[in-house]
Amino acid sequence: MQSLVCTTPGTLEYQDKNYPEIFADHALLKIKRIGICGTDLHAFEGTQPYFNYPRILGHELAGELVEDPGVPGFSKGDTVTFIPYFNCGKCIACRNGKTNCCVDIKVSGVHIDGGMVEYLSVPSYSLVRGDGLSFDDLALVEPLSIGAHAVQRANIQPGECVLVIGAGPIGMGIMEFARIRGAHVIAMDNNESRLAYCKNNLRITHTINAASSHAADEIKTLTNGDWPEAVIDATGNVIAITNAFNYVSHGGRYILVGLQKGDICFSHPEFHKREATLMSSRNATRRDFEYVIKCIKEGLVKPSDYITHRATFMQVQSEFPSWLEPASGVIKAIVEL
């Protein structure tokens, strides 16, 4: 079968691979859609943490069950997605229901080979029912679930002001689920076209260009001097992360969703006097996946709003580098098989 391998940073290579072996506790999927995410782009750039080469990328996936997996509720021919964070089930995180941050987690397309293949074998416990959604919709359930998990982790309340920094697909998902919870959302990015997209497509009223010398003043004005109760970073940029410590209200929360390789530092007195809370948000849980599917079915979130580019599997090698270029205007690229 055909696969696409990131052999080294900057290099993708089509390779012929053997079909996956069939195991009793695994399900075989025929891949139909692959969403291109920031992890894939960063891996191609050589800036993704926890990464080794060569690697088959891809974990935003939708497919069809090739064989009956022997799992209640699933049958051959079903349309499915899956939770691509394979967990041990035994560590302290798993025992406490936090499978998204398992001590020995194996993320498809990051720690192990992923879904840029024709067929993929996945643990049966990871399957998620398609529930009538299209392949396109199902391919976006995973990134949207990351946003939903961040909002749940931040415990966003109706009426709160939430500043979301980074208007990529993950940041946009965070904005949507914060809005669904009844929060007042401010979008911040240095890309005006992304900010315009948030206004026009996601109903985000207030946007701020992070490159503006008046950005902090704008945030203060929009919050009547209180600053946001929750600040959520979806950039993974160390400068953006550091600056955002200054935007958290007294008693507020700062949630890091974006990931970067190095250390972060901040003023302890400034953080301490606010009695602020700093937390990270990693991956998502089955509960998040099910919540996202529910929101899609109810029309609260429209995955099609995110898809700006498409390619066939055999076009990915040539098209992929352009998806890193801001001028391409890509928000979410979808690969069709």
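Rg/Rh for region 146-280 stands at 0.92; both radii use Cα atoms, and Rh follows the Kirkwood definition.
Fewest neighbouring Cβ atoms within 10 Å first, the residues His111, His272 line up as His272, His111. When only Cα pairs under 8 Å and 6 or more residues apart are kept, what is the percent relative contact order across region 146-280? Normalised by residue count, the contact order of region 146-280 is 21 percent. Look at Asp136, Asp104, Asp288 and count the other Cβ atoms within 10 Å of each Cβ; fewest to most, that gives Asp104, Asp136, Asp288. Each 10 Å bin, from zero up to the one with the longest distance, holds this percent of the alpha carbon pairs of region 250-337: 12, 23, 30, 24, 9, 1. Taking a span of 15 Å or more along the helix axis (Cα atoms) and a mean Kyte-Doolittle hydropathy of at least 0.5 as the rule, the DSSP H helices of the chain that qualify are 169-180.
Normalising by residue count, the chain has a Cα convex hull of 132 Å³ per residue.
Between the amide H of Ala230 and those of Cys161, Leu163, Arg253, distances stay under 5 Å, these residues lying 5 or more places away or on another chain, with hydrogens modeled in the peptide plane.
Among Thr235, Thr8, Thr207, the order by Cβ neighbours within 10 angstrom, fewest to most, reads Thr8, Thr207, Thr235. Within the listed set Gly182, Gly114, Gly299, the residue fluctuating most in the Gaussian network model of the chain (springs between alpha-carbon atoms under 10 angstrom) is Gly299.
Since every read-out is calculated from the coordinates, none of them should be taken as a lab result. Here the structure is a predicted model, which means the values were calculated and not measured. Every residue, glycine as well, gets a Cβ built from its backbone with ideal geometry; the counts of neighbours run over all protein chains shown.
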